[in-house]
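One structure is given below, encoded as structure tokens.
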Amino acid sequence: MTVPVFRFAPSPNGHLHLGHAYSALLNQKMARNMDARQLLRMEDNDRERCTPALERTMIEDLHWIGFTWEQPVRRQSEHFPVYRRALDKLIGMNLAYPAFLSRGGIKVEIERTTKGDDGWPRDPDGALLYPSVDRELSKRERAKRISEGQPFSWRLDMERALEYVGEPLSWCETVPDTHIVGARPQDWGDVIIARKDMPTSYHLSVVIDDALQGITHVVRGKDLFHATSVHRLLQRLLDIDPPTYHHHALVLDHDGEKLSKSRKDTSLRSLREQGASADDIRVMVGL
């Protein structure tokens, strides 16, 4: 019988807040109810913002609230060659292409072709979908730009990827109860799967990590619900079995906004310094 495996996977680019505490403790509660393994992963592929010092404080805060996990901790920054192999596979399948437009360049290209971006489609996070200009470049032009040192990222050719899969995608969701959700990766357009300074992106590395760690249950905030469509597509392209997903409600501030690591008033470190106990944190997040 397969033992279920859960993971909590924060990014050490700031201090943990109440929302992270809720997610970590909910992971732990659900894992214990299923006699499952509990893992901790540091999603630290952004080497500019993620630091060892922030990881240390994050681990201290997790110990303080009573979250426990199996050793060792997996760090994405230690596994770039693994992500590179997955990226190379997608490139070899002719499903990824170098994209040269910056964020500002995207707007310029859209305005050039449509006289404004008011009617241009956006992804579920509100970002403008990537225009087709780089997807239509010849191999010679791509090679020329790369040889000239033009910065680029790798984007998934969404239309071609969906044609390759050839059938609808879905995932098993357990909020509010167990049901099947139809995936809509096309809503994201040509998503980034590797950034200019690293051979991966969040979408690619999280799919690879979950597979290599044998994760059976992903418990994370509902702000990542729509991103699961992209993950299901990548899983199918890379022959990876999907886990079961549980996208929980977010802990919001007094104004109903999502908590941010930039705000100190809801950080676990700040609350601890103000005299809060671990039990107080559990009460605050409803656990």
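The values are calculated or read from the model by the stated rules, or taken from the named source; none is laboratory data. If you're wondering where the values come from, they're calculated on a predicted model, not measured in any experiment. So basically every Cβ, Gly included, is an ideal-geometry build from the backbone, and we count neighbours across all protein chains shown.
Miscellaneous remarks
- Some residue of the range 9-20 being closer than 30 Å to Y164 by Cα, assigned to a helix (DSSP H, G or I) and either aliphatic (A, V, I, L, M) or in contact with a strand residue (DSSP E or B) (Cβ under 8 Å, 6 or more places away or on another chain) (or both): no
- Against the conditions (1) in contact (Cβ under 8 Å) with a residue 12 or more places away in the chain; (2) over 30 Å from A249 (Cα atoms); (3) not aliphatic (A, V, I, L, M), P121 satisfies every one except (2).
- Test for E70: is it acidic (D, E) and either in contact with a strand residue (DSSP E or B) (Cβ under 9 Å, 6 or more places away or on another chain) or modelled with pLDDT under 95 (or both): yes
- Matching helices (runs of 4 or more DSSP H) fully within the range 173-287 where at least 2 residues are assigned by TED's automatic domain parsing to the domain that holds H63: 268-273, 278-284
- All positions within the range 28-51 that are surrounded by fewer than 14 Cβ atoms within 10 Å (Cβ to Cβ), modelled with pLDDT under 90 and among the acidic types (D, E): E48
- The single condition among (1) in contact (Cβ under 8 Å) with a residue 12 or more places away in the chain; (2) assigned to a helix (DSSP H, G or I); (3) within 30 Å of R142 (Cβ to Cβ) that D88 does not satisfy is (1).
- Pairing each residue of the range 138-162 that is part of a helix (DSSP H, G or I) with any residue that is exposed (fewer than 12 other Cβ atoms within 10 Å of the Cβ), provided the two are 6+ apart or on different chains, yields C-beta distances under 9 Å for R160/N94.
- In the set (1) closer than 30 Å to E148 by Cβ; (2) in a helix (DSSP H, G or I); (3) among the hydroxyl-bearing types (S, T, Y); (4) touching a residue at least 60 places away in the same chain (Cβ under 8 Å), S23 fails one condition alone, (1).
- Qualifying residue in the range 177-191 (condition: in contact with a strand residue (DSSP E or B) (Cβ under 9 Å, 6 or more places away or on another chain), more than 26 Å from H247 (Cα to Cα) and of a type outside the set (F, W, Y)): no
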